[in-house]
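The structure appears below as structure tokens.
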Amino acid sequence: MVYQLIFFGLLTLCYRTRNSRKYRMLAYKWSLFVLFVFVGFRYEVGCDWTGYEHNFNLNFVEHMTFRELLSVGELGHWYLIYIVRAIGLDYSYLNVIYSFIFFYGFNKLALRQNNALAFLALAFPVLVVNLPMSAIRQAAAVGFFCLSIVSFIDRKLWKYIGYILVGALFHKSVLFFLILFPFVRGGFSRKNISRAAFSTAPIGFLVLASGAADDSIARYSDYASEAAGAIFRLGMLGVAGFFYFSYMSGRWKIRFTRDYKIVHLGSWLMLFLLLLYPLSSVASDRYGYYLIPIQLMIFTRLTLIARGRLKNELILAPYAGLVAIFIVWTMKSNLFMICYTPYQMRLW
């Protein structure tokens, strides 16, 4: 199967280039480009292909005023559809644009890591396959959230807020992460924790008022098997968060001071979403995708932090876990078979 070949190909590149930064970076750049083509130029592949194609073919967008478009929600999505239609291109090119947005943001964050190729390889089986190959609006939001993570690391408050607001033009669920704004320039003081706590209510109201929560539930509640699969994705997040606090937190604070705060906060949110799962598997799963880039930061830094007799086992554990989950999913899931197979591509 093509998906398994790509995943194992990426893992093989990680292994073969492990001792050469030059060849590892070259492999990363080519792999990123190949994945962009693979994702962006797919044809009739992905669980949401039909739904988004129906949106694209609606004629009402061209006849709506700007104010009316605002009432529809996710203005960036509809305005992008308007532009693509105005140029005279068909729906498949909308996916190319969304793929570019996702990988652009992803690349900016990946280049900040010690091993961008491993960061990309570990992202493929869950983040890449589930978002830019299906849920393209949230893929765009995650792409902008990756840019906001970079801004958080650089202590650029307004850029952090700005990227989240732009991402909300495509999927309003990303607005939730505005609660982290007090920590961009400040530390874990009581004052900043209080600010974050008090901002939760108005931000939550904004998300609910926008209809983002209802839209997510309406869009995904029919996919019972995908909701069931959420326990594995959230389980991996929970393991990453727990392992960070129990093994990596102190060393991370010393070695990686610049991104310590965002990883620390992200790890708390990973554990929170795991607790949220019994109340709403759909909501916890949707928000979990935003935390996967932080999870990948934890996994790839293991090569620099792991110590002791079980060092190699700890480094390989995330790869082994994702391989097991991916093989079971691609071979046993009826939803995967319906949505992603057979893979087809159209380059024109």
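Observations, loosely collected:
- Taking only protein heavy atoms and a 1.4 Å probe, the accessible area of the chain is 66% carbon and sulfur.
- To the nearest 10, the accessible area of Glu44 is 100 Å² with a 1.4 Å probe.
- Farthest towards the positive end of the charge dipole of the chain, among the residues Val150, Gly76, Tyr287, is the Cα of Val150, using unit charges on the Cβ of Lys, Arg, Asp and Glu.
- Potential extension, Thr341-Lys311 segment - 0.36 nm per residue separation minus Cα distance: 7.0 nm
- Positive end of the dipole of the chain (Cβ unit charges, origin at the Cα centre): among Phe7, Phe256, Tyr28, the Cα lying farthest that way belongs to Phe256.
- Computed [θ] at 222 nm, helices only, for the chain once each DSSP H run of length n ≥ 4 contributes -39500 (n - 2.57): -23500 deg cm²/dmol
- Gaussian network model of the chain, Cα within-10 Å springs - most flexible of Arg185, Arg309, Arg42: Arg309
- Site pair Leu271 and Ile327 shows an inter-label distance of 3.2 nm when each label is modelled 7 Å from Cα along Cα→Cβ.
- Among Ala141, Ala283, Ala320, the largest mean-square fluctuation in a Gaussian network model of the chain, built with springs joining Cα atoms closer than 10 Å, belongs to Ala320.
- Surface calculation, 1.4 Å probe, protein heavy atoms: Cys14 sits at approximately 20 Å² accessible.
- Net length gained if the chain between Ser246 and Leu89 were fully extended (0.36 nm per residue, minus Cα distance): 51.4 nm
- By the Cβ rule of 4.7 Å, the chain holds the following cysteines without a possible disulfide partner: Cys14, Cys146.
- Length gained on full extension, Val37 to Thr12, computed as 0.36 nm times the residue gap minus the Cα-Cα distance: 7.0 nm.
- Accessible area (Å², 1.4 Å probe, nearest 10) - Arg18: 120
- Estimated FRET transfer efficiency (Tyr23, Met1; beta-carbon r; R0 22 Å; 0.05): 0.20
The values are calculated or read from the model by the stated rules, or taken from the named source; none is laboratory data. Keep in mind it's a predicted model, so treat the numbers as computed, not measured. Because the Cβ atoms are built from the backbone with ideal geometry, glycine has one as well, and the counts that use them run over all protein chains shown. Side chains included, ligands, DNA and RNA excluded: accessible areas come from the protein's heavy atoms. Shrake-Rupley method; radii C 1.70, N 1.55, O 1.52, S 1.80 Å.
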